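Below: the structure, in structure tokens.
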Amino acid sequence: MADTPSPLSPSTAFADPATDGPQRLQWRILDTDFGNGLQFLTDWAAWRSDARRTRLLHVVAVLAQVPVADALLAAAAARPELTTLASQLAAQWHGLLPGFHRLVFEGGRVLLTLCVGELPAMLRAQHFEADCILLSAPNAQPDAALKAVARFARRGTQLIAAPSAAPSPGALAQAGFQRVSVDAAARLHAVFDPPWTVRRRAPVTPAAQPAHCAVVGAGLAGAAVAASLARRGWQVSVLEAAPHGAAGASGLPVGLMAPHLSPDDALMSRLTRAGIRATWRQLETWLQAGRDWAPTGALERRDTPTRMPTGWQAAGPNESWAATGPRLRAAGLPEDTPALWHARAAWVRPARLIDAWLAQPGVQLRTCARVARLVRDGTHWQALDPTGNVLVRADRVVIAAGIDSRMLAPALPLNAVRGQVLMGPHPIGAPTADPLPPHPVNGDGHLITGVPEGEGRFWLAGSTYGRGEDARDIRDTDTQANLARIAGLHAGAGAVAAAAFARGDLRSWAGVRCTSRDRRPLVGPVDPSDAQGPWICSALGSRGLSFAALCAELLAARWSGEPLPLQSALAQALDTRRLA
Ligand SMILES: Cc1cc2nc3c(=O)[nH]c(=O)nc-3n(C[C@H](O)[C@H](O)[C@H](O)COP(=O)(O)OP(=O)(O)OC[C@H]3O[C@@H](n4cnc5c(N)ncnc54)[C@H](O)[C@@H]3O)c2cc1C
């Protein structure tokens, strides 16, 4: 694209005409070449300075080669109005492996979906209606590129092509683009307005106007859904059976968020990376590092020497590597221990994140509100309590009640997995003499250390895995299993735990995970044939911290007809419709 791009749309395109016409909630740009990011920064700056901007600005941009962060900063250096935005972009410029990456700015109102890969494959993996399409890849065959992007056009979509990427008049007419003009910078402009009726093989679901949604359950899943919908203008009533949020599995005192890694970079590996990126941004935005969460990284012990996915190098964009000797020594482990180092890993106190999500404008928490039944009431839904009283009447409903979702969606295959964790204080003394590792260690179970509490710090280790069990009592057998697990993970920590056990200085906590058959979350309509019926966001399994924010954004994007945060194959892998 030109060195000094102008905004892709006249500023009125960003208008939020709540006051002057049908409400424009979002503006969606498809850019076939992200280049050095200057076009994105220009559009973002235009959106910021527009008093009547849309609620969301979506940019979906393809890039075959990922530039280094310094190149983004250098490109923006000559434009003082862009340098702050470029720094924000550079701060999220990490882990850009092939595939989709959702970068989030302006508290979730500017969403950049970077699609790293070749244009045809990246376009095939996305499905939405663009308001503006930018053809900017200088080496692409313009007519072929036009054909590939035409399926993203709705009637009225603007097409802008760089001089080097301008399609031929014949190709424009054949694809349905009219009113062709060329601007002072020699860019071609056209509008999608074919003289035929547009019929798509897979039509985009029309965007639901923000209305009132009832969410059942105030755990990680429900709170994340509430926040994602509220950001899009929904009024959300969160109904929680207990007197407070985080009353179920999310009551876990502290949890680990670390990626799944497999030599073939399997579905679960790609999903956890996307999920961690989504949560990470939320943690940075809403919580206090060192108190509510800590971006520590984590060491993963493996029984066998580690095989990295093909193409991953230590200096590549991947954020997991084979752990080095010095890293292992610093963690108090033998230097030849087979292990991985995950740089993008953290401990998180789930209740703090839930509180932050529930505090978003537009979200209302109603406690001691147990939903026993959901009843259709015309185009609305009523949530009834066990005595039949109406708790709330809403346009849409999302079930996010963890394992108790089974009661409201009995047709879905949800399984209970009980788990118990063990906690104790760090030994008193200088942190440098502490036998506990300075960051989490996982493998067969996990150990989290250094979590501040009052004047001291505590560690947590676990957890047991009781398939088919849904009792939350504390069991001595599970305590013994956890003591053995911690000793197997880290001998120094095992000694600390054994001494604390002898002193009677340990606590336990138990909860019940909700899992699906394939261990992946379930996001979508409970009844696949009834998209307006109750939706579910559950089965987060043992990875609620990795999945809640991503699943919530996926649900909200699908309701709003937005570009999805994931490649279509990954989105389908979370969809309830996969069960059919
Ligand atoms: C021992 C253990 C260790 C774990 N460790 C980790 C970890 O290290 N990292 C990680 O990412 N994940 C971990 N998890 C998993 C994580 O805790 C869950 O994935 C996550 O909390 C699930 O969130 P949720 O919102 O789906 O369900 P929940 O947190 O169970 O929330 C469901 C909410 O719905 C409410 N509710 C239920 N029924 C109704 C109703 N009828 N009406 C109204 N409200 C209702 C409940 O009171 C509850 O508050 C662990 C889980 C356990 C048990």
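Quick note: the coordinates plus some simple rules give every number you see, no bench work behind them. Everything numeric in this text was worked out from a predicted model, so none of it was measured. Quick reminder, even Gly has a Cβ in these numbers, built from the backbone with ideal geometry, and neighbours come from all protein chains shown.
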Cα-based radius of gyration of segment 423-580 once divided by 2.2 N^0.38 Å, which approximates compact folds:
1.34
Test item: Cα-centred dipole of segment 26-192, Lys/Arg +1 and Asp/Glu -1 on Cβ, debye:
540 debye
Write out the GluC sites (Glu not before Pro) in segment 425-495 meeting two conditions: DSSP loop, and at most 11 other Cβ atoms within 10 Å of their Cβ.
GLU455
So, counting K/R as plus one and D/E as minus one, what does the shell of residues with Cβ under 9 Å around ALA369 add up to?
0
By the Cα gyration tensor axes a ≥ b ≥ c (a/c under 1.5 gives rounded; else a/b larger than b/c gives prolate, otherwise oblate), the shape of segment 403-514 is prolate
Helix 491-503 sits off the longest principal axis of the Cα atoms of the chain, rounded to the nearest 10 on a 0 to 90 degree scale, by 50 degrees
Can you run phi through the Karplus equation (6.51, -1.76, 1.60; θ = phi - 60°) for segment 263-277 and list ³J(HN,Hα) in whole Hz, with x for Gly and Pro?
x, 9, 6, 5, 3, 4, 5, 5, 5, 5, 5, 5, x, 5, 4
Would you compute, for the Cα atoms of the chain, the largest minus smallest coordinate along each principal axis and list the three values in descending order, in whole Å?
81, 62, 41
tail above 26 Å in the computed P(r) of segment 26-192, as % of all Cα-Cα pairs, reads 25 percent
Span from the segment 156-207 Cα centroid across to the segment 232-281 one, whole angstrom:
40 Å
If I model a spin label at ARG577 and GLN65 as a point 7 Å from the Cα along the Cα→Cβ vector, what separation in nanometres do I get?
3.8 nm
On Cα atoms only, tilt of 80-91 relative to the major axis of the chain in degrees:
40 degrees
Cut-off is 10 Å between beta-carbons; in what order do LEU25, LEU554 appear when sorted fewest neighbours first?
LEU25, LEU554
Among HIS127, HIS101, what is the fewest-to-most ranking by other Cβ atoms within 10 Å?
HIS127, HIS101
Taking 0.36 nm per residue of separation and subtracting the Cα-Cα distance, what length does fully extending GLN480 through SER568 add?
27.3 nm
List the residues whose amide H sits under 5 Å from the amide H of THR464, counting only those 5 or more places along or on another chain, with H placed 1.01 Å from N in the peptide plane.
GLN420
For segment 26-192, what is the relative contact order in percent, using Cα pairs closer than 8 Å and at least 6 residues apart in sequence?
21 percent
Residues SER136, SER168, SER529, SER508 in order from fewest to most other beta-carbon atoms within 10 Å are SER529, SER168, SER508, SER136
So the angle from the long Cα axis of helix 476-489 to the longest Cα principal axis of the chain, reported in degrees to the nearest 10, equals 70 degrees
Residue-count net charge about LEU333 - beta-carbon cut-off 12 Å; Lys, Arg +1, Asp, Glu -1
0
Distance-filtered residues of segment 55-96 - backbone nitrogen under 13 Å, label point 7 angstrom along ALA289 Cα→Cβ:
91-92
With GLU240 itself left out, Lys, Arg at +1 and Asp, Glu at -1 over residues whose Cβ is under 14 Å from its Cβ give -1
